[in-house]
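What follows is a set of notes on a single structure, which appears directly below.
The values are calculated or read from the model by the stated rules, or taken from the named source; none is laboratory data. Because the structure is predicted, anything quoted here is derived from the model rather than measured. Cβ sites come from the backbone with ideal geometry, for glycine too, and all protein chains shown count toward neighbours.
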Amino acid sequence: MRRIRIQGGRVIDPANGIDRITDLCIADGHIVGLGSLDDFHADETITAEGLIVCPGLIDLSARLREPGLETKATIASESAAAAAGGITTLCCPPDTDPVVDNPAVAELIRLRAEQAGKARVVPIGALTQRLEGQQISEMHELHRAGCAVVGQPNRSLGNSLVQRRAFEYAASCDLTVFLRPLDPWLGHGCAHEGPVATRLGLPAIPESAETIALARDLLLIEQTGVRAHFCQLSSARACAMVAEAQARGLPVSADVAAHHLHLCDHDIGEFDTLCHVLPPLRSERDRDGLCRAVADGVVGAICSDHQPHDTDAKLAPFSLSEPGISGLETLLPLALRLCESHAMPLPELIARLTSHPARILAIDSGHLSPGASADLCLFDPEQHWVVEPGRLHSRGHNTPFTGWELKGRVRRTLLAGRTVFMEPSA
Amino acid sequence: MSLRRQNPQLDSEGRLRHFLSIEGLGRTILTEILDTAESFAGVGSQQVKKVPLLRGKTIVNLFFEASTRTRTTFELAAKRLSADVLNINIASSAAVKGESLLDMLHNLEAMQSDLFVVRHSESGAAHFIARHVAPHVSVINAGDGRHAHPTQAMLDMFTIRRHKGDFGQLRVAIVGDIMHSRVARSQIHALTTLGTAEVRVVAPATLLPTAVEQLGVHVFHDLAEGLRDCDVVIGLRLQRERMEGALLPSEEEFFERYGLTERALAHARPDAIVMHPGPINRGVEIDSAVADGPQAVILEQVTLGIAVRMAVMSMVLGRPPGAEQGETT
């Protein structure tokens, strides 16, 4: 039985209201407890002075590209990148090829993740078969095969009746549905509808593409009683609608992608394809509204919305380039910026990356209670580093944050007590 | 916090290296283009319609979208400057499937091309190509998606200047499908940069992009009001496919409300000129009586377009060597 003592770090465990400098003891891959624990004799001591010791991060949306697009990335390559980003649990959307609409695909993903051994991967099951929005999927079977939730990852269903049935069925399976509200008709384009898209002549997606779909979702959630989670909200107005729904007691939660907290449509500049993302980068006002919604707690989680690409995917005119950002390794430092910009206490911010996403997924993770799996992230909150695409562990080097100096560097990541990442200099 | 961006169109001496969009270019350069065009305007009427300025240069017309007029005038302009011209038409995108756009460009570069004249159906294509060409190659945008068509805008400015002189006194109305028009966007930038007193756009809301007023124009939905006291009236081509997608009810209704007829034109100043980038749809956006009438300068635009394209080509290729690198602005 291997016993590890993590010594002298500032342990932040938002789920248990803990924030103090102390030791953390691990035995056989599980948390034993906090403090010096006199009868605990460690085989290994990890010095964590000056570091934050928190639960491993839980990322609610990361494309791993496997199965189907292994030329871009694999479960092994991206779970290693996740470890480098302090992330120990990844949710992968069901839009793989084949789609995660049957237990075999879900099991394949989990098996590959276990073989890689760098992070836990929780597949999101498809809400409808082949994600075509016609026939509901075998949600119960998907759940048994390890899908914590079911979802429709890219745009909303066109057919309101299918949507209602899917919600009803998910509710009766006691499953949360993951939704990304985007009206299938208004949602065609590649940039936020506003002055920037007008100037550049880019096909535009209006804010109403998100809010109309969200309004329909909320009404059907109210009618069916399903628990729902909104993925990667992009507009301030949508956050206000979710806040209002939460105030009325609807069982809804939301996340935003870290890049939406820092970039807006102006960053597209002269057609920078690295800023081509879906949902699109919206106005400065939206960006600020999203930050406030995270600070207020309306938006409970920050995800990476990681989408690794090969170089060619971005080497094209803007609208022909593929959307997405490689975000696993910038998730934590980008999120940490809210502590300064929006005066968020660090434990609250860490909750948005650990305990809250765990609660949204209804999984027993994201906390440091005795007996919990020792999934940990040790990071230096003061260390500055400059983003260099060539030094990312992800196979996708597509980041618009190249050259940004970020604060907060992961020094070590543990998965079930095993070190799966250690910063070379540490 | 983001990195400082280069002005991709200028070299380290502030001279025109690529011509991609009007936006980002100052009044001085636009005026220089017009003045240079003026010096070329007579070449077409000489016995020998050629000047030897670009002898030995290779210009590739790279058209990913069908075009007759623009490609032809670029070809004529290049030939009148004594350059060698290669026309490559890749109208169907299927043709480039096997080979990536960049591979194709690098192959053409390897053939020692000096200038690419590019038309593409996607906004930003010319910027993309300019960003990836070798340092000795220049790029002229001959139309990219809905974004820009800067040589068309400059030939329009040239036509206006020849007829009206000082932009500071002018009221200009652009009528029709602004939403899908790269010509309109470039015209608006050119007109505002040259100090036009008032630029108006006249169209139903379905054909206007969001926040178009932030480009510095006044928006009108009524044609008579929009044309009132204008010195210049510019019609835009209305693509037939715009009748789909619930943008307009019918060509007839569009012509009734926004067609440039003699009756509508009566609201403009009596000496107003009528322009159109062509090809025109008679009876859709413009009435034959106006298109062929005394105020129309549509064919003159085509002629002047050659001089403007000669001007831009000679400016981007006529720079002294050693100034290829872009400059941070």
- Item | Set B:88, B:140: member being modelled with pLDDT of 95 or more, more than 13 Å from chain A (Cβ to nearest Cβ) and not in a helix (DSSP H, G or I) | B:140
- Item | Of all residues in the stretch B:91-102 being within 12 Å of residue B:120 (Cβ to Cβ) and surrounded by 14 or more Cβ atoms within 10 Å (Cβ to Cβ), the one that is modelled with the lowest pLDDT | B:93
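Tell me, which residue of the stretch A:258-301 that is more than 30 Å from residue B:130 (Cβ to Cβ) and small (Gly, Ala, Ser) is surrounded by the fewest Cβ atoms within 10 Å (Cβ to Cβ)?
Just the residues of the stretch A:258-301 that are more than 30 Å from residue B:130 (Cβ to Cβ), to begin with: A:258, A:261, A:285-286, A:288-301.
Keeping just the survivors that are small (Gly, Ala, Ser) gives A:258, A:289, A:293, A:295, A:297, A:300-301.
On the way: A:258: 29, A:289: 22, A:293: 22, A:295: 19, A:297: 14, A:300: 23, A:301: 27.
Top of the filtered list is A:297.
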- Message: Among the listed residues A:322, A:329, identify the single one that is at pLDDT 95 or above and buried (at least 22 other Cβ atoms within 10 Å of the Cβ).
- Response: A:329
- For the stretch A:302-309, does any single residue satisfy the condition of being aliphatic (A, V, I, L, M), surrounded by fewer than 22 Cβ atoms within 10 Å (Cβ to Cβ) and modelled with pLDDT of 95 or more? no
- If you go through the stretch A:379-419, how many residues are more than 13 Å from every other protein chain (Cβ to nearest Cβ) and under 19 Å from the mean Cα position of the chain (by Cα)? 14
- Message: Filter the stretch A:314-346 down to the residues that are closer than 24 Å to residue A:92 by Cβ, within 14 Å of chain B (Cβ to nearest Cβ) and of a type in the set (D, E, K, R) and list them by number.
- Response: A:314, A:322
- State the number of residues belonging to the stretch B:101-115 that are in contact with a helix residue (DSSP H, G or I) (Cβ under 9 Å, 6 or more places away or on another chain), more than 14 Å from every other protein chain (Cβ to nearest Cβ) and either in a strand (DSSP E or B) or within 20 Å of residue B:65 (Cα to Cα) (or both). 1
- Task: Considering (1) in the same structural domain as residue B:284 (by TED's automatic domain parsing); (2) under 18 Å from residue A:317 (Cα atoms), say which one residue B:127 fails and leave the rest.
- Result: (1)
- Give me the pairs: first residue in the stretch A:199-222 and under 20 Å from residue B:125 (Cα atoms), second residue aromatic (Phe, Trp, Tyr) and part of a helix (DSSP H, G or I), beta-carbon distance under 7 Å, and six or more apart or on different chains, which are they? A:202/A:318
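This table checks each residue for (1) among the charged types (D, E, K, R); (2) part of a helix (DSSP H, G or I); (3) in contact with a helix residue (DSSP H, G or I) (Cβ under 7 Å, 6 or more places away or on another chain).
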| residue | (1), (2), (3) |
| --- | --- |
| A:295 | no, yes, yes |
| A:319 | no, yes, no |
| A:330 | no, yes, yes |
| A:343 | no, no, no |
| A:349 | no, yes, yes |
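Going by what's in this entry, would residue A:248 be described as more than 30 Å from residue B:20 (Cα to Cα), of a type in the set (Lys, Arg) and either within 14 Å of another protein chain (Cβ to nearest Cβ) or buried (at least 19 other Cβ atoms within 10 Å of the Cβ) (or both)?
On the way: more than 30 Å from residue B:20 (Cα to Cα): yes; of a type in the set (Lys, Arg): yes; either within 14 Å of another protein chain (Cβ to nearest Cβ) or buried (at least 19 other Cβ atoms within 10 Å of the Cβ) (or both): no.
Judged against the criteria, residue A:248 is not a match.
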- Applying the selection to the stretch B:272-290, what residues are closer than 9 Å to residue B:261 by Cα and not in a loop (DSSP other than H, G, I, E, B)? B:286, B:288, B:289, B:290
- Query: On the given criteria, is residue B:57 basic (Lys, Arg), crowded, with 19+ Cβ neighbours inside 10 Å and away from every other protein chain (no Cβ under 14 Å)?
  - Reply: yes
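Restricting to the stretch A:204-227, what's the tally of residues that are away from chain B (no Cβ under 14 Å) and farther than 13 Å from residue A:181 by Cβ?
In the first step, residues of the stretch A:204-227 are kept if they are away from chain B (no Cβ under 14 Å); the result is A:210-227.
Checking the rest, the ones that are also farther than 13 Å from residue A:181 by Cβ come to A:222-227.
Qualifying residue count for the region: 6.
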- Note down all Cβ pairs under 8 Å where the first residue falls in the stretch B:242-253 and is farther than 17 Å from residue B:281 by Cα, the second is modelled with pLDDT of 90 or more and part of a helix (DSSP H, G or I), and they're at least six residues apart or on different chains. B:246/B:206; B:247/B:206; B:247/B:207
- Single match in B:309, B:263 (criterion: outside the structural domain of residue B:220 (by TED's automatic domain parsing) and either surrounded by fewer than 19 Cβ atoms within 10 Å (Cβ to Cβ) or in contact with a strand residue (DSSP E or B) (Cβ under 9 Å, 6 or more places away or on another chain) (or both)): B:309
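Quick one: would you say residue B:131 is more than 28 Å from residue B:197 (Cβ to Cβ), within 14 Å of chain A (Cβ to nearest Cβ), part of a helix (DSSP H, G or I) and of a type in the set (Lys, Arg)?
Numbers: more than 28 Å from residue B:197 (Cβ to Cβ): yes; within 14 Å of chain A (Cβ to nearest Cβ): yes; part of a helix (DSSP H, G or I): yes; of a type in the set (Lys, Arg): yes.
Taking the combined requirement at face value, the residue satisfies it.
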- Message: So the check is Cβ under 9 Å with 6+ separation or different chains; which pairs have a first residue in the stretch B:151-174 that's more than 11 Å from residue B:194 (Cβ to Cβ) and a second one that's among the aromatic types (Phe, Trp, Tyr) and crowded, with 20+ Cβ neighbours inside 10 Å?
- Response: B:151/B:19; B:151/B:74
- Filtered residues of the stretch A:3-48 (kept if in contact with a Lys or Arg (Cβ under 9 Å, 6 or more places away or on another chain) and exposed (fewer than 14 other Cβ atoms within 10 Å of the Cβ)): A:20, A:21, A:28, A:36, A:41, A:43, A:44, A:45
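Yes/no matrix, rows are residues, columns are (1) crowded, with 20+ Cβ neighbours inside 10 Å; (2) among the aromatic types (Phe, Trp, Tyr); (3) touching a helix residue (DSSP H, G or I) at 6+ places or on another chain (Cβ under 7 Å):
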| position | (1), (2), (3) |
| --- | --- |
| A:335 | yes, no, yes |
| A:338 | yes, no, yes |
| A:356 | yes, no, no |
| A:374 | yes, no, no |
| A:378 | yes, no, no |
| A:382 | no, no, no |
| A:407 | no, no, yes |
- Task: Tell me which residues, restricted to the stretch A:179-203, are within 14 Å of chain B (Cβ to nearest Cβ), over 20 Å from residue B:184 (Cα atoms) and in a loop (DSSP other than H, G, I, E, B).
- Result: A:185, A:186, A:188, A:189, A:190
- Hey, any hits in the stretch B:193-205 for a residue that's at pLDDT 95 or above, within 14 Å of chain A (Cβ to nearest Cβ) and over 22 Å from the mean Cα position of the chain (by Cα)? yes
- Query: Yes or no: residue A:246 within 26 Å of residue A:397 (Cα to Cα) and touching a residue at least 24 places away in the same chain (Cβ under 8 Å)?
  - Reply: no
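Does the stretch B:181-190 include one or more residues that are in a loop (DSSP other than H, G, I, E, B) and farther than 13 Å from residue B:30 by Cα?
Yes, the stretch B:181-190 has at least one match.
Please specify each residue of the stretch A:97-131 satisfying the condition of being assigned to a loop (DSSP other than H, G, I, E, B), surrounded by 21 or more Cβ atoms within 10 Å (Cβ to Cβ) and not aliphatic (A, V, I, L, M).
Of the stretch A:97-131, the ones assigned to a loop (DSSP other than H, G, I, E, B) are A:97-102, A:117-119, A:127.
Checking which are surrounded by 21 or more Cβ atoms within 10 Å (Cβ to Cβ) leaves us with A:99-101, A:118-119, A:127.
Result: A:101, A:118.
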- Count of the stretch A:132-149 residues which are of a type in the set (Asp, Glu) and either in a loop (DSSP other than H, G, I, E, B) or in contact (Cβ under 8 Å) with a residue 60 or more places away in the chain (or both): 2
- Note on the structure: Screening B:211, B:224 for residues that are within 14 Å of chain A (Cβ to nearest Cβ) and among the aliphatic types (A, V, I, L, M) leaves only B:211
